[in-house]
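None of the figures in this text is laboratory data; all of them are computed from the coordinates on show. A quick note: this is a predicted structure, and the numbers were derived from the prediction, not measured. Because the Cβ atoms are built from the backbone with ideal geometry, glycine has one as well, and the counts that use them run over all protein chains shown.
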Amino acid sequence: MAHFTSSGKSDNLTKEDCIGKSALVVCFGEILIDFVPTVCGVSLAEAPAFKKAPGGAPANVAVGISRLGGSSAFVGKVGADEFGYMLVDILKKNNVETSGMKFDPNARTALAFVTLRADGEREFLFFRNPSADMLLQESELDENLIKKAKIFHYGSISLIDEPCKSAHLAAMRFAKESGCILSYDPNLRLALWPSAEAARDGIMSIWDQADIIKISEEEITFLTGGDDPYDDNVVLNKLFHPNLKLLIVTEGSEGCRYYTKEFKGRVAGVEVKPVDTTGAGDAFVSGIIYSLASDQSLFQNEEHLRKALYFANVCGAITVTERGAIPALPTKEAVLQFAAT
């Protein structure tokens, strides 16, 4: 039976907390196929078989928002192959707007083999040489779709290679010009970058443009060159920038910390028995962006923000109780029901 660690009565959710007109969220970046071993706790070489699952952090977030009842679109590129068609079909079935998707006849859809260790944590092996998502060009962007968004969400993997990097920067520019809130989850995947230094430089190259940033403790240590991720001064002096409206540090099952110009604090996590941590961070991001899309007072109202972060914590917790990312992403009803137990 799941139970909550104490997070203060003010964080408790009611249906009334989750009502509001949801603005469009456009997610940009990679979408791919994850191949996950059918048994836990084995290396790729030892796995007897693999199960395919849709993946890619920004795509997971787009589906997560839609599943919660929000409005989302995805912008990216897949191969003109069976896996590419399958991924777009999955987005459509989950009510994600796909008019910003492109198909590449000359490149394959990206693949990632993801091992689930005995503790539920993941190891990755990527097949992208180059994959279609890396080949999205600025000229292929649906500028009107991006400008319709209230929130534009992205990661850092799309910054690794050209031409996708230029497309990513142009999409951010369109979003900024039209008054979008820019949401950034660096989602560090060190194996995809040429070096650790390139990863650090690439992730930080767009840092000061974001309105919201979500990072993990491990990413703080990596980006600061080994500083203590639990030290508020490290976070505020090295990672909080003048344009930032909200910085969130996720701590897995322990919950999250939040920092704005006016206030900072912590919302405790939700305890569950983890089966697969794939997609937990994306579910969390879906939860907070979904809340923000219908209530932009979160940046100024600490009580509203705490409830939204608690909602996001529950989204992440529910997701780790099932295999795969997209199949495990919860509905709003599931979150409220879970929060009521």
Study note, to complete from the structure: On the formula 1/(1 + (r/R0)^6), with r taken between the Cβ atoms of residue 302 and residue 143 and R0 of 35 Å, the FRET efficiency rounded to 0.05 is 0.45
Check your understanding: Around residue 223, what is the net charge, scoring Lys/Arg as +1 and Asp/Glu as -1 over all other residues with Cβ under 10 Å from its Cβ?
Key -> -1
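Please work out the FRET efficiency for the pair residue 233 and residue 254, using the Cβ-Cβ distance as r and a Förster radius of 35 Å; give the result to the nearest 0.05.
With a Förster radius of 35 Å, E is 0.95.
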**Study point:** Those chymotrypsin sites (Phe, Trp or Tyr not before Pro) in the range 151-249 that DSSP places in a loop and that have at most 13 other beta carbons within 10 Å
**Key:** 230
Point to revise | Cβ crowding within 10 Å averaged over residues, with 99-112, 307-320 ranked highest first | key: 307-320, 99-112
Revision key, fill the gap. Mean separation of Cα contacts under 8 Å (at least 6 apart) over the residue count of the chain, i.e. the relative contact order in percent, is 20 percent
Check your understanding: If each of residue 49 and residue 273 carries a label point 7 Å out from its Cα toward its Cβ, how far apart are those two points in nm?
Key -> 2.4 nm
Exercise for review: Calculate, for residue 331 and residue 40, the FRET efficiency according to 1/(1 + (r/R0)^6) with r their C-beta to C-beta distance and R0 30 Å; round to the nearest 0.05.
Suggested key: 0.70
Check your understanding: Sorted by mean Cβ packing within 10 Å, highest first, what order do the peptides 46-54, 62-70 take?
Key -> 62-70, 46-54
Exercise for review: Give, to the nearest whole percent, the P(r) tail of the chain beyond 26 angstrom, counting all Cα pairs.
Suggested key: 44 percent
Review point. Between residue 125 and residue 99, what length comes free when the chain is fully extended (0.36 nm per residue of separation minus the Cα-Cα distance, one decimal in nm)?
Key: 6.4 nm
